[in-house]
Each structure stands twice: as structure tokens, then as C-alpha cells.
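The numbers here are math on the coordinates, done by the rules we state, and not lab data. The structure displayed is predicted, hence computed values, not measured ones. Reconstructed Cβ throughout: ideal geometry from the backbone, glycine too, with neighbour counts over all protein chains shown.
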């Protein structure tokens, strides 16, 4: 690991030691954040799997019923039956924070809570299969919106996990080793200088003692 280009002084050594403490603390916090994000991510993936299976089942049911309705009803009657929807849907979008990630929150509400009011046509000229298709679509809509919310949350969590992972790796494999190696290098240089100074002092002491002995 390359050593940083710094002056091998005690002041620089103290500064790097403090920086190393901060880097190690940040590394631990980021690792904890990454682990918690992974936990949240895996929980959301499980929810996503269950929701997707449910939504796909209901959509298959709705499409199947609608295809039968198309087969037994004329196109004009079918288009007229579906021309003016009865229900109005409101959707409020907000966000909540999960480990510094702002994920969407959807509040879904139908204007009329009466489930019998979802059919925008009379029953005289339409088939029962069309009723089944409308009913299935009515049931799947909340789950479909929730699936979209969950998948967006998973996407945002995955992006944050990747960013956090890169930061953890940069600290663990680049910055902390470089700081450790530089501190070791400066410590060795300072010890070497100290030994050199001690040797010179001992020589000066010997010279002074020798001169004193000759004067005596």
C-alpha cells in the first residue's frame, strides 16, 4: 500500500492518528448502515414476491374474463359499456425515510366505497364475464399500486446499498490501510531520527568527557 506524501513530523503523526480514528468509526457506522439496508431490502423483496404473484393471478383472471366478454359481446356494446367510468380514484404520494433513503408512500382512496358501484353500465346487455373482469380489476388495483411502491422502494434501497458498499470498501481497502502504513512509516522515521540524535549526543558527551580528562 502506497504511503501518503507527508512530512514525517510528530504534528503530522498526531493528525493522521486522529484521522485514522475517525475513518475507523465511519467505517463501522457505514457497515452497520449497509447491514440494516440489506435487512430492509430482503424484507421488501419477500413482500414484492408475494404481491407480484397475487397481482399476476388477479390480472390473469381479469384478462381471461375480459376475453370471454369480448367473444360473447359485440364491440359496440362493449365499448359503450366501458365509455364512462363511475368510480373516481385519488392517490396521494408522500415519502418516508428508511436509513437516509426517501422511499415513496402511496395513499389510495376511492371516491365511493360502495363496491356495487364499480360497474359503469347496466346489466341488461352485458355479460357476466365482463362483471367478473371489472370486479377482478377493482380488487387488483390497490395491490398493483402497492407493488409499484414496493418495487420503487427496492430500487432506491439497492442504489443506496451499492453507494454504501463502495464507501465501506474505499475505507476498508484504501484509506484505512494507507493511513495505517503512513503512520507506521512516520513512526519509524521519528524513531530513526531519535536514535540518530541519541547517538550524536552520546558522541558529544564522550568528547566533552575526553576534553575534561585532558584538561585535568
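Some points to look at:
- Per-pair calculated FRET efficiency, R0 = 45 Å: residue 43 and residue 199 via Cβ, rounded to 0.05: 0.10
- With a simple spin-label model that places each label point 7 Å from the Cα along the Cα-to-Cβ direction, the separation between residue 24 and residue 210 comes to 4.7 nm.
- Helix 176-215 axis, angle to the chain major axis (alpha carbon atoms, nearest 10°): 10 degrees
- Length-normalised contact order for segment 75-175 - Cα pairs under 8 Å, 6+ apart - percent: 27 percent
- Between segment 69-147 and segment 196-212, the alpha-carbon center distance in angstrom: 97 Å
- Mean sequence separation of contacting Cα pairs (under 8 Å, at least six apart), scaled by the length of the chain, corresponds to a relative contact order of 37 percent.
- Between 0 and 90 degrees, the angle of helix 128-170 with respect to the longest Cα principal axis of the chain falls at about 10 degrees.
- Principal-axis tilt of helix 10-72 within the chain, Cα atoms, nearest 10 degrees: 10 degrees
- When Rg and the Kirkwood radius Rh are both evaluated on Cα atoms of the chain, their ratio Rg/Rh stands at 1.49.
- Among 44-53, 147-156, 189-198, sorting by the average number of other beta carbon atoms lying within 10 angstrom of each residue, highest first, gives 147-156, 44-53, 189-198.
- Cα shape, segment 32-153, gyration tensor, a/c 1.5 rule: prolate
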